[in-house]
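Everything below concerns the one structure shown next.
What follows is calculated from the coordinates using simple rules that are stated; it is not laboratory data. Everything quoted here is computed from the prediction, not taken from an experiment. All Cβ positions, glycine included, derive from the backbone under ideal geometry; neighbour counts span all protein chains shown.
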Amino acid sequence: GNSVTQMEGPVTLSEEAFLTINCTYTATGYPSLFWYVQYPGEGLQLLLKATKADDKGSNKGFEATYRKETTSFHLEKGSVQVSDSAVYFCALISRDSSYKLIFGSGTRLLVRP
Amino acid sequence: DTAVSQTPKYLVTQMGNDKSIKCEQNLGHDTMYWYKQDSKKFLKIMFSYNNKELIINETVPNRFSPKSPDKAHLNLHINSLELGDSAVYFCASSLPGTSTDTQYFGPGTRLTVL
């Protein structure tokens, strides 16, 4: 079946450091890929998405590129801020999973001043 | 101008009680969902409705019963609550006619069963 694997956290960085959170997926067909973010005590917000191979999603300085050859969708940011501290979820959706979002286990990011 | 709203935000109740969580979206979406987030932050779909019709029903105890009175509302009723039902429940909706597109989430309802 379809699945998403994320690197385990927590990831602890100093402000202005470079961020990478790894995400790989298993899916039949051509899924759409998403990153959602959950700030402390809040709900899920869409951060970015990509719907086909080689697409790059970007938002708020975060980027991720849909790599079909490596089945990956790694999240990157060049310079993190304390306000980026949150839990980040990689997810996919595909027609053969009845359009339900399948989430990775989440990666907690802690950015220290 | 809230897009997806849920009530209540917090719900504390005793084992064995019956409770409901309400969800409303004003985005004009056709499809709505319920997800459960456990204590380890793991998220899993429970149900999905499209135009008031149930289209996804994961392996969920039949104590959980979703109800969609119209396409803007999807409520979740839980009978005979158990300790293991404690979790955060998220409602979501997606764009009409394109179920593969983005799902927008509500703020969540934190259910605590004592």
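Here is how the numbers come out for the structure above:
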read-out: log₁₀ of I(q)/I(0) at q = 0.14, 0.17, 0.18, 0.20 Å⁻¹ - chain A, Debye sum with one point per alpha carbon; value: -0.51, -0.75, -0.83, -1.01
read-out: Phi to ³J(HN,Hα) by Karplus 6.51 cos²θ - 1.76 cosθ + 1.60 over segment A:33-45, Hz, x for Gly, Pro; value: 10, 9, 10, 10, 10, 10, 6, x, x, 10, x, 8, 10
read-out: Relative contact order computed over segment B:19-112 (Cα-Cα under 8 Å; 6+ residues apart), in percent; value: 33 percent
read-out: Long-range HN-HN contacts of A:His74 with modeled amide H, under 5 Å; value: A:Cys23, A:Thr65
read-out: Percent of Cα pairs exceeding the 31 Å cut-off, where the set is the protein assembly as shown; value: 21 percent
read-out: Phi-based couplings in Hz for segment B:59-73 (Karplus 6.51, -1.76, 1.60; Gly and Pro marked x); value: 6, 10, x, 6, 5, 9, 9, x, 9, 10, x, 7, 6, 8, 10
read-out: Ranking of A:Thr51, B:Thr112 by count of other Cβ atoms within 10 Å, fewest first; value: B:Thr112, A:Thr51
read-out: A:Asp54, B:Asp30 arranged by Cβ crowding within 10 Å, fewest neighbours leading; value: A:Asp54, B:Asp30
read-out: Packing-based exposure ordering (other Cβ within 10 Å, fewest first) of A:Asp55, B:Asp70; value: B:Asp70, A:Asp55
read-out: For A:Lys100, distant residues with modelled amide H under 5 Å away; value: A:Ser94
read-out: 5 angstrom amide H check on B:Ile55, placed H, neighbours 5+ away; value: B:Ser48, B:Tyr49, B:Asn50
read-out: Over segment B:1-47, relative contact order from alpha-carbon pairs under 8 Å, at least 6 apart, %; value: 32 percent
read-out: Potential lengthening between B:Arg110 and B:Asn79 on full extension [0.36 nm per residue; Cα-Cα distance subtracted]; value: 9.5 nm
read-out: Under Karplus coefficients 6.51, -1.76 and 1.60, residue-wise ³J(HN,Hα) of segment B:29-45 in Hz, glycine/proline x; value: 6, 8, 10, 10, 9, 10, 10, 10, 10, 7, 5, 9, 6, 6, 10, 9, 6
